[in-house]
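The structure under discussion appears below in the form of structure tokens.
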Amino acid sequence: MSGAERIRRARWAVAAVFCVHGAVAGSFATRVPWIQDHTSASAAQLGLALAFPALGASVAMPMAGRVSHRFGSRTALRLLLSLWTLALVLPALAPDLVLLCLALAVYGATSGMADVVMNALGVETENRLGRSIMSSLHGWWSAGALIGSAAGTLAAHLGSDARLHHLLAALTLTALGLTVCGGVLDVRAEEDESPPPRFALPPAAALLIGAVGFCAVFAEGASLDWSAVYLREQLGSSAGVAAASTTGFALTMALARFAGDRVVDRLGPVRTVRGGGVLATAGGLLVVLAGHPAVAMAGFALMGLGIAVVVPLAFAAAGRSGPNPSQAIAGVATVTYTSGLIAPSVIGGLADLTSLVTSFALVSALAFGLVLCAGALRGGPARIGADRAGTKASPAPERKT
């Protein structure tokens, strides 16, 4: 197999990994109402439990680089992705709030570690291809979330037990994950290369970029974990219709991310994010003002469309924000993904104090922050400037594989 063919194979293998990872998240999100009923948790208690993935991820994510450094990226990804897919079974098994919190801590830890390794491999593959693929990789994550949430919607509509549903999903996704990991790049550290630091703070220039990602990922996390609960409790929809709102949100995000590279090439990153912020804000306002489930579902779908490409653009901008691109990307990734993990608990706590309507008013306000802060992404991915100058960006030099 030639080097070019190997890179193309690795590109599709890492896309499949993103898809499997997203399917776990989608499978979990649609059954949050079932888990809430099973544990007899209030909105505030559910919000507290949904903070534990953030705690688990915060502790575990810095270790992902060291696992990859020691075993190589392919073996590390096989291990960490399998732990993540199998962790799907834990939340539904929890009979009470305490065990649910512990289960979600493990769920978040395995999610965060797998996420770090697969995004690092995505960036490495993108560098070797010499063209942008991160938006479409995140599109495959959204496609996986769509598949997982569609299966969850069907399971909820049929009234199935989430424990059985998640066991079958976990076994299937683990087998798929082990299979597709065989095709990813196997990046290994040089013999004299020191292990990565345990934690990387973004440089000052990347802080505003992190704020842009924070706003987008907060809206994504809130919508994935609370859209079904919102439709059921606020608008009185059935369990099947409520779960379908998560599916619609994931669908629009997937479509927008697959088209994202071409949109950014045409409009540039700043105008793309500002336009997306307008769409996401309008979607949030639809959710807040909705008097019918269909209107709220349209609002969630519009939010997904608006925020879809923000995180890939934040990663690209972080790489240009200072003399140490890897440190900036790692720091911004920590900020953005932590936002998604804490968003559900913030929404739940605010809902208990006020209402879910007020919670999504906050989401709308943060979505408008994309309009205000989009200038932090000025310049766009490096290849945009090269394309407009009539040249092509050069692939990054290969590392040891």
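Overview of values
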quantity	calculated
Filter result for M63 (surrounded by fewer than 20 Cβ atoms within 10 Å (Cβ to Cβ), touching a helix residue (DSSP H, G or I) at 6+ places or on another chain (Cβ under 7 Å) and in contact (Cβ under 8 Å) with a residue 40 or more places away in the chain)	yes
Pairs, first more than 14 Å from S42 (Cβ to Cβ) in region 344-364, second among the hydroxyl-bearing types (S, T, Y) and buried (at least 17 other Cβ atoms within 10 Å of the Cβ), C-beta under 8 Å, six or more apart	V346/S359; F360/Y230; V363/S223; S364/T281
Those helices (runs of 4 or more DSSP H) lying entirely in region 1-70 with at least 1 residues touching a Ser or Thr at 6+ places or on another chain (Cβ under 6 Å) and small (G, A, S)	3-29, 43-49
Extreme residue, surrounded by the fewest Cβ atoms within 10 Å (Cβ to Cβ), among residues of region 71-80 that are of a type outside the set (S, T, N, Q) and assigned to a helix (DSSP H, G or I)	F71
Selection count where residues are among the aliphatic types (A, V, I, L, M), under 25 Å from P269 (Cα atoms) and part of a helix (DSSP H, G or I), scope region 96-143	9
G130 vs. criteria touching a residue at least 24 places away in the same chain (Cβ under 8 Å) and under 17 Å from the mean Cα position of the chain (by Cα)	no
Any hit, region 320-334, residues being β-branched (V, I, T), closer than 22 Å to I133 by Cα, modelled with pLDDT of 90 or more and touching a helix residue (DSSP H, G or I) at 6+ places or on another chain (Cβ under 7 Å)	no
Candidate set: region 139-182, residues that are under 24 Å from N119 (Cβ atoms) and surrounded by fewer than 19 Cβ atoms within 10 Å (Cβ to Cβ); chosen: the one modelled with the lowest pLDDT	G182
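Listed here are the residues, each with its yes/no results for (1) touching a strand residue (DSSP E or B) at 6+ places or on another chain (Cβ under 8 Å); (2) at pLDDT below 85; (3) in a helix (DSSP H, G or I); (4) within 19 Å of C373 (Cβ to Cβ).
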site	(1), (2), (3), (4)
R257	no, no, yes, no
R262	no, yes, yes, no
R271	no, no, yes, yes
G291	no, no, no, no
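The values are calculated or read from the model by the stated rules, or taken from the named source; none is laboratory data. Quick caveat: nothing in here was measured; it's all calculated off a predicted structure. Positions of Cβ are backbone-derived with ideal geometry, glycine not excepted, and every protein chain shown enters the neighbour counts.
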